[in-house]
Amino acid sequence: MPTSSRFLFRFLAVALLPFAAVQPLRAQNDPASRRAAIEAIYPLMIQALETKNYGRARNICEQAIAWEPQHPLHHYNLACIEAQVGGTRLPIALGELQLAVALGFDDAAHLQNDPDLAPLHRDPKFAAIIRNVAHNASAAAAQPAIVIPPAPSKATAPTIAAADSSGVFEQPAPAAFQDGVPVGLYLMSRYFPLTRTAELLAWYFAPDGRVYQNLRHGFSANDLAAHAGPRGQARANGHQLEVRWSDGRESKAGLERDGTGFIWDRGIFTAIGPFENPAAVAGIYEGDEPATGELRTLPTRLELRADGSFVWTGVTLSTSGSTQADANRNSRGRWELRGCSLILTAENTPPLRRLALPSDDEKTPIKPDRMFFGGAMYRHLP
């Protein structure tokens, strides 16, 4: 294994888990023991790579991902493994690398000079990945002196509508726990090592115990009644959360609380709320990160202008109220934020209304860093 890539493995073990080396490998029931287990198996992965036992290295790395699905270095390391295998594994390597970047990997220099990734250099997607890493790095290094554009004038500014008489634009219940059951809106991320796929969905836990998975529009009685995704009823049973779905299925797993979020059924649930004002939404967004929503196949650029107009590059809005990828055409029209919904209205098409929620890293001055829209995570460009 080349020295440059080994650095990432060693950095992870030393910097992330300094306290865990003396702990034995045991059942992974909490973050500390999972991290201790990762430190125990990472040297075995390095040894497997040095002897070109890629199957063993892959299995170990996938176990680390199962324990810490949101840590970008695990996905980066799996990309290195698959790139070294080559052949039919190269697309998997690119996918893992894209996921690492989506999760925040920002070492552009290492990425460009890592010899383990040399088999990917000729693929056009690799150049796009480098650009995305550069964005992560620039966001992290951005200076507080970045000028935030002033709020647009009242005559042209988009608005946030209060709930109307039908409650169409109601806000979600605040994130909390009620009798051991979560309440509120959560962004759920989950990684499946066997299929190497990631899931990113909005879940809503209503105060009455009802659960709505992959929520698309809003939280009014009408929106929840029309919800087309999975729905069920949640209840606490000791340290377990149980959900009985409307199709008869049951999901049962231990729930581990983490601040206002929690881990359940291999998913990481992060509490998320609405934008505070329309001015915070305006900006330019790129949406080419892995996702599982309606817009997941659209590597597009969405410009939400402060005057209330928008340009969506590579996407057309159809008369059926949906979206279509079209590299040769753009959509133009007006946008407005109503509750938690971003509404895009183009000429001669019905409005497109989808959940739009901010996802922010407090360490950077870019507010927000990302926007979850239509099931995809969009990066907010500086």
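The values are calculated or read from the model by the stated rules, or taken from the named source; none is laboratory data. Quick caveat: nothing in here was measured; it's all calculated off a predicted structure. Glycine also receives a Cβ, built like all others from the backbone with ideal geometry; neighbour counts cover every protein chain displayed.
When residues in segment 360-381 are screened for being surrounded by fewer than 16 Cβ atoms within 10 Å (Cβ to Cβ) and not in a loop (DSSP other than H, G, I, E, B), 0 of them pass. Note on segment 324-340: residues that are more than 16 Å from Tyr285 (Cα to Cα) and crowded, with 23+ Cβ neighbours inside 10 Å amount to 2.
State whether the residues of segment 148-163 include one that is modelled with pLDDT of 55 or more and of a type outside the set (Gly, Ala, Ser). Among the residues of segment 148-163, not one is modelled with pLDDT of 55 or more and of a type outside the set (Gly, Ala, Ser), which makes the answer no. The number of residues in segment 67-125 being surrounded by fewer than 20 Cβ atoms within 10 Å (Cβ to Cβ) and among the aromatic types (Phe, Trp, Tyr) comes to 1. Segment 72-131 holds helices (runs of 4 or more DSSP H) entirely within its bounds, and those carrying 1 or more residues that are within 20 Å of Lys52 (Cα to Cα) and either under 20 Å from the mean Cα position of the chain (by Cα) or modelled with pLDDT of 90 or more (or both) map to 72-85, 90-102.
Being among the basic types (Lys, Arg) and within 24 Å of Ala271 (Cα to Cα) is the filter; apply it to segment 326-366 and report the residue that is modelled with the lowest pLDDT. The qualifying residue modelled with the lowest pLDDT is Lys363. In summary, strands (runs of 3 or more DSSP E) completely within segment 171-272 and bearing 3 or more residues that are at pLDDT 85 or above and not polar (S, T, N, Q) occur at 181-192, 197-205, 210-213, 231-237, 240-245, 250-258, 261-264, 267-271.
Any idea how many residues of segment 342-359 are hydroxyl-bearing (Ser, Thr, Tyr) and either outside any strand (DSSP E or B) or surrounded by 18 or more Cβ atoms within 10 Å (Cβ to Cβ) (or both)?
In the first step, residues of segment 342-359 are kept if they are hydroxyl-bearing (Ser, Thr, Tyr); the result is 345, 349, 359.
Add one more test, that the residue is either outside any strand (DSSP E or B) or surrounded by 18 or more Cβ atoms within 10 Å (Cβ to Cβ) (or both), and what stays is 349.
Looking only at that region, the number is 1.
Specify the residue that is surrounded by the most Cβ atoms within 10 Å (Cβ to Cβ); the eligible residues are those in segment 303-318 that are at pLDDT 90 or above and part of a strand (DSSP E or B). Only one residue tops the list, namely Leu304. Taking the criterion of being modelled with pLDDT of 85 or more and buried (at least 21 other Cβ atoms within 10 Å of the Cβ), the residues of segment 32-57 that qualify are Met45, Ala57.
Listed conditions (1) at pLDDT below 65; (2) under 25 Å from the mean Cα position of the chain (by Cα) are all met by Val22, apart from (2). Go through segment 66-75 and report how many residues are out of contact with any Asp or Glu (no Cβ under 9 Å at 6 or more places or on another chain) and not polar (S, T, N, Q). Qualifying residue count, segment 66-75: 6. Kindly indicate the residue of segment 33-71 that is of a type in the set (Val, Ile, Thr) and within 18 Å of Phe192 (Cβ to Cβ) and also farthest from the chain's Cα centre (by Cα) among those meeting that condition. Going through the qualifying residues, I end up with Ile60.
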